[in-house]
Amino acid sequence: MTHNIVLLAPHHLDDVWRIEQAAHAYPWAESLIRKEPNKIALNCALEVDGQLVGYCFGQLVAGEATLLNIAIDPAWQGKGMGKTLLEGFIALLEARNAEEIWLEVRESNTRAYQLYESLGFNEINRREGYYPAENGREDALIMTYLVMYLRHGLPNTEASYRCLFWWSLRIIPPSLCFYLPLCLCRDT
């Protein structure tokens with residue numbers, strides 16, 4: 001089997017819409033799927049032997065990427081296609097100098113959560129009652145992936161997030177995030 005990550009094109013949209021409806025209990029509106037991408041969009045698809053089996057919608061602004069939507073055709077789920085697609089999406093973002101990637105996932109979507117975690121995403125927060133659910137509302141778990149740390153061979157750990165937090169408050173310059181003594185940034 002030949003796997004290819006390709007940028008989404010208009011001829012993919014019928015398949016994307018079909019997969020969106022089949023893969024999500026609460027799919028996006030068709031108008032969002034077919035909307036013309038803007039300058040910050042980074043939408044890609046996974047093809048297996050020329051057949052579209054999954055896609056993701058994302059955006060990249062000033063080094064910060066967001067994964068907005070991802071789905072794999074239910075017939076292809078459980079075969080490593082989500083991991084292949086997400087690794088391809090991350091590679092596209094790394095090539096465009098993304099520094100961090102953000103996403104949110106339903107608390108009940110443990111398979112997706114485990115996939116994200118296995119690829120280096122860390123849970124950093126939660127949005128209570130964010131998603132509609134069968135019995136009311138469901139929390140969204142916010143996760144992030146620090147491309148800049150992995151690019152420099154540093155661990156994508158909670159300690160790295162503390163350093164990034166200090167930097168975001170302008171307590172330390174970004175260059176020091178990579179060279180702080182281990183005692184300041186080690187996990188406790």
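The values are calculated or read from the model by the stated rules, or taken from the named source; none is laboratory data. All values derive from a computational prediction rather than experimental measurement. Cβ placement follows ideal geometry from the backbone for every residue including glycine, while neighbour counts extend to all protein chains displayed.
Can you name the residue in region 56-91 that is in contact with a Cys (Cβ under 7 Å, 6 or more places away or on another chain) and in a strand (DSSP E or B) and is also surrounded by the fewest Cβ atoms within 10 Å (Cβ to Cβ) among such residues?
The qualifying residue surrounded by the fewest Cβ atoms within 10 Å (Cβ to Cβ) is Asn69.
Any residue at all in region 31-49 that's without any contact (Cβ under 8 Å) to a residue 24 or more places away in the chain and surrounded by 20 or more Cβ atoms within 10 Å (Cβ to Cβ)?
yes
Given the conditions (1) more than 21 Å from Leu60 (Cβ to Cβ); (2) buried (at least 17 other Cβ atoms within 10 Å of the Cβ), report the number of the one that Tyr116 does not fulfil.
(1)
Quick one: is Ser31 of a type in the set (Ser, Thr, Tyr) and assigned to a loop (DSSP other than H, G, I, E, B)?
No; evaluated as a whole, the condition is false for this residue.
If you take the residues of region 124-155 that are within 24 Å of Leu92 (Cβ to Cβ) and surrounded by fewer than 18 Cβ atoms within 10 Å (Cβ to Cβ), which of them is modelled with the highest pLDDT?
Ile142
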